[in-house]
Amino acid sequence: MSPINQLKMKIIWPSTSGGETTLSVNRCSMMIISLAPYRLFMAAISLAAAFAPFSSAQAEMSAWAEAEGGRMRLVALAPDAGGKIRAGLQIEPKPGWITYWREPGNSGIPPQLTIAAGSGVTLDSIAYPVPKHFFNGAIEDIAYDAPVTLPLSLTASGKAPVTIDATAFIGICRDICVPFQANLSVTLGPAIQSHPEEEAILAAADAALPKPPSDDFKVTAHAIAPDRKTLSLTLTLPGAGSAAPDIVVTGPSGYAFAKQIGGKRDGATFKTDIAIGKLPKDYDLSGKRWSLLVIDGGKAMETTLAFD
């Protein structure tokens, strides 16, 4: 069993009366003409639009799906010329609640997003802004305790309008952990106008992602012990602080390692060992790529570690 899943937690599933909620919303805007000869004409148009909301208007945000500990929705922009779609899963935990990173820690539920088969839209990748490390006794969580948007990269195979029909499944936890699932739908028209609110949300999500390695923030050496119990790291850190950085190593799916042994910081150089613990039976490390997240003060860097 994975080290991050060895501890049990109390889980309350949503009641059967609540079930899954399909959310599909379209937004339309209307120009109101105040000249008297046009009032009846515009009233007729408004009435028709009210009874046929899906006929012409396009939405770039789904409605919010609500749960006990928070809410979530989809935000997207129209496909570009190559069919690429910038989107995000926007999650807002309530105060005192958390939602999880891609590897949740000792226990928890990582975010999952499934696009409906046959929709003409595929999910290429999910990115994750920098999380926080929470400790509550023996329980360790890698999570978010504030609103977060997970950047999504999608591809549409057809022409506009394009509908993203997705099922999102996350965990939101406080004293209990509530699995939260909802269907979220967004219909996108041609990219003929700007959408500043959606663009701002997605730009902020991109800015919250960890940065790639740089000359002043990188891994200079890594090696795993012959018994595979520890991973030795030498890092260059951005600054000459004294505190140890927060380090999360993710190996096989479902495995996260963050316990440091004997860390030493000398200016911008930091050396430490990461306790690996038990790996899957017969796991072959040769040729594998693990991920490394380092958080040092207000900066974060993410990279991969190659094992030959």
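The values are calculated or read from the model by the stated rules, or taken from the named source; none is laboratory data. Computed from a prediction, not measured in an experiment: that's the story for all the values here. Reconstructed Cβ throughout: ideal geometry from the backbone, glycine too, with neighbour counts over all protein chains shown. When the accessible area is computed, the model is the full protein with side chains, heavy atoms only, and any ligands, DNA or RNA have been set aside. Shrake-Rupley method; radii C 1.70, N 1.55, O 1.52, S 1.80 Å.
Whole-Hz Karplus values for the range 63-69 come out as 6, 6, 9, 9, 9, 4, x Hz, taken residue by residue from phi with 6.51 cos²θ - 1.76 cosθ + 1.60 and θ = phi - 60°; glycine and proline positions read x. Accessible surface for the range 161-252, divided over its residues, is 45 Å² per residue with a 1.4 Å probe. Residues whose amide H lies under 5 Å from that of ALA300, counting only those 5 or more places away or on a different chain, are LYS211; hydrogens are built 1.01 Å from N in the peptide plane. The simple Förster model, with R0 at 41 Å and r as the Cβ-Cβ distance, assigns ALA204 and SER232 a FRET efficiency of 0.70.
Hey, quick one: spin label on SER125, modelled 7 Å out along Cα-Cβ, who in the range 253-290 has an amide N within reach, i.e. under 16 Å? Residues 289-290 qualify, since their backbone N sits under 16 Å from the label point.
Only protein atoms count toward the accessible area here, which uses a 1.4 Å probe; on the range 103-230, the carbon and sulfur part of that area reaches 54 percent.
Surface composition of the range 255-308: carbon and sulfur atoms hold 45% of the protein heavy-atom accessible area at a 1.4 Å probe. Taking all protein chains as shown and a probe of 1.4 angstrom, VAL148 keeps an accessible surface of around 10 Å². Take the Cα of LYS271, step 7 Å toward its Cβ, do the same at ASP308, and the gap between the two points is 2.1 nm.
The HN-Hα couplings worked out from phi for the range 79-85 by the Karplus form 6.51 cos²θ - 1.76 cosθ + 1.60 (θ = phi - 60°) are x, 7, 4, x, x, 6, 10 Hz, whole numbers, x standing for Gly and Pro.
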